[in-house]
Amino acid sequence: MITRFLLSNMDRRGLVFLALIAAIGLLVPLANLLMPAGSPLHVSTATMSLWGKYLCYALLAISLDLVWGYCGILSLGHGAFFALGGYAMGMYLMRQIGSRGVYGNPVLPDFMVFLNWQELPWYWYGFSSFPFAMLMVLLVPGLLAFVFGWFAFRSRVTGVYLSIITQALTYALLLAFFRNDMGFGGNNGLTDFKDLLGFNVQAQGTRAALFAMTCVMLISGFLIARGIVSSKLGKVVIAIRDAESRTRFLGYRVDRFKLFVFTVSACMAGVAGALYVPQVGIINPSEFAPANSIETVIWVAVGGRGSLVGAALGAVVVNWAKTMFTSGFMAPYWLFALGALFVFVTLFMPKGILGTAQGWWESRKRPAPVPAAEPAPAE
Amino acid sequence: MNAPTPGALTSSLLYLDGVSVSFDGFKAIRGLSLTIEPGEMRAIIGPNGAGKTTMMDIITGKTRPDEGTVMFGGSVDLTKLDEAAIANLGIGRKFQKPTVFDFHTIEDNILLALKSKRTVLKTLFWQTEGAQQKRIDEILGIVKLADKRERLAGSLSHGQKQWLEIGMLLAQDPKLLLVDEPAAGMTDGETAQTAVLLKEIAKDHSVIVVEHDMGFIRELGVKVTVLHEGSVLAEGPLDQVSANERVVEVYLGR
């Protein structure tokens, strides 16, 4: 049943995407590990980690597209779920440091020693275990989304009001995580990681494995999201997006369907955050910044809202452009470029890169689009 | 729920008594009482602002009445339930402005309406069974959209959307259908066909039709209730009602 759920009605675009990510996930780590540094086929560890970061963003974009593109919930706080997943992973990595910290305390992370704390806060218990931490990567964002969604969707908060509340949610978390007494390292966040499952996080092999794992998770996330949107539930969710009250009069409990996709999406964003942290080596409260969540919305809009492949594509393209822009003389102008890109896409490519390309492709295939022979409706 | 349950207050399918509701001090419905028997088709007419749509909102749970009784099947208090629960009890509604899911195909529109368990898990792992597919095909045939099943509903003409929505009501298989202005914006030919379709449906469903078009109501040939300023002004066969002095005054106009 699960296989059928994940693979039924796979379209060509989805297959191309899956094949591409699988190929990247296999070939890039090999090119990094096996090719000598001078070879033109060699991929440097820095480049690989950078692209690993883009692919984490792609997973985040897919999770946002699931709620925004398909269910019409414009979440401007999806960065919060991403950051919470990241913090859960960061807490595991902190506990792995053990007595190798600057202060050499076998239990307490450095920042707690610095704050003169005597013992580990209760909510850090268990994070030395990898399976527990991974469970929290899913559970913490999922639970927050569930509780938040429960109240918001039941009281029928929709549209711009919901967007504002999600924005407030991530901003509140930003302020909370900035506080030293929260026990998450304050504004410095969590960093100086040493080991992941006993492997050095800085080592080339670990980096390659993390990259491959990111591809595996991106593929899984895509399959799950696609399974959801191509099921009957996906049709209900699109119906909710287009005519919410009509769907309610058909007997669907709209709040429960929204809650389901919102929670699944938050878990997916959490996984993206957890993969992101060991690859960039730090997690701090700035990940909760409202601007980050808004940027995610732009990726999805640029790539093509309502298309999972489009969302992933948008995340990679915009972030690649961002790297190009911010690492040269153009650096001061990145935000202008991002804004201009958003305006351009909204005005001229309302279906995003993928939607526009598809429209162009179809009009090429059928050169003269004859309007369907339809008896003119006499009205 | 077809047969009145032992504790039933009434044998009527739908029973409204002394229902009132006001919006910001404006009394949209005042002391409205109405009963619909199982299997009955009823036409409701009235000038603009008479409370026809508000009455439908109350029956379907969109609006809560300030006072009064609204019972379904003799024993279910509709004022305590929300839209989804009421829809699942077996009350279907067609809106005045045809509301179909524009970005779904016509077939998917029917599939979404098709009577089935509406839970999250059931829809996630949904498989359309043979009997269900047969029913979808049947309905597409009844509303004459079978050859357009793969097209997006948004591409239909106004009249076709009205028919699709009636098809969706059929798929829901409700005990009671509330149909708001089914003939609005239709040609005379389409109107006549719609009347035939509704009469066909009324053979095994109870139907309430709200309509402005007198010719259409005459074609239906059913009992008529006239609403005026939120309560019932007259009730009876069309000829009798249209001979009523007060009705002529408030509605048929002079």
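The values are calculated or read from the model by the stated rules, or taken from the named source; none is laboratory data. What you see is a predicted model; the values in this text were computed from it and never measured. Note that we place each Cβ from the backbone using ideal geometry, even for glycine, and neighbour counts take in every protein chain shown.
Give the number of residues within region A:40-76 that are over 29 Å from B:Asp102 (Cα atoms) and assigned to a loop (DSSP other than H, G, I, E, B). The number of residues fulfilling the criteria is 5.
Given the structure, is A:Phe211 away from chain B (no Cβ under 14 Å), surrounded by fewer than 18 Cβ atoms within 10 Å (Cβ to Cβ) and closer than 30 Å to A:Ala37 by Cα?
On the way: away from chain B (no Cβ under 14 Å): yes; surrounded by fewer than 18 Cβ atoms within 10 Å (Cβ to Cβ): no; closer than 30 Å to A:Ala37 by Cα: yes.
No.
Contact map, region A:243-255: first residue facing chain B (nearest Cβ under 7 Å), second residue aromatic (Phe, Trp, Tyr) and not in a loop (DSSP other than H, G, I, E, B), Cβ cut-off under 8 Å, separation 6 or more or different chains; the map is empty. Scanning region A:288-315 for residues that are buried (at least 19 other Cβ atoms within 10 Å of the Cβ), of a type in the set (Val, Ile, Thr) and either without any contact (Cβ under 8 Å) to a residue 12 or more places away in the chain or under 18 Å from A:Met268 (Cα atoms) (or both) yields A:Thr296, A:Val297, A:Val300, A:Val309.
The set of residues in region B:62-81 being among the acidic types (Asp, Glu) and more than 16 Å from B:Arg30 (Cβ to Cβ) consists of B:Asp77 alone.
Being surrounded by fewer than 17 Cβ atoms within 10 Å (Cβ to Cβ), modelled with pLDDT under 90, more than 11 Å from chain A (Cβ to nearest Cβ) and out of contact with any helix residue (DSSP H, G or I) (no Cβ under 8 Å at 6 or more places or on another chain) is a property that does not hold for B:Glu138. Scanning region B:145-163 for residues that are closer than 18 Å to B:Thr191 by Cβ and within 12 Å of chain A (Cβ to nearest Cβ) yields B:Leu156, B:Ser157, B:His158, B:Gly159, B:Gln160, B:Lys161, B:Gln162, B:Trp163.
A Cβ distance below 9 Å, combined with a sequence gap of six or more or placement on separate chains, defines the contacts here; from region A:1-29, residues that are under 22 Å from A:Leu50 (Cβ atoms) reach residues that are outside any helix (DSSP H, G or I) in the pairs A:Leu27/A:Val43; A:Val28/A:Val43; A:Pro29/A:Val43. Before we move on, is A:Ile219 more than 21 Å from A:Tyr171 (Cα to Cα) and either within 14 Å of another protein chain (Cβ to nearest Cβ) or free of Cβ contacts under 8 Å to residues at least 24 places away in the same chain (or both)? No; evaluated as a whole, the condition is false for this residue.
Which one of these is of a type in the set (Val, Ile, Thr) and at pLDDT 95 or above: A:Ile24, A:Ile2, A:Ile97, A:Ile62?
Working: A:Ile24 fails: at pLDDT 95 or above; A:Ile2 fails: at pLDDT 95 or above; A:Ile97 fails: at pLDDT 95 or above.
Result of the check over A:Ile24, A:Ile2, A:Ile97, A:Ile62: A:Ile62.
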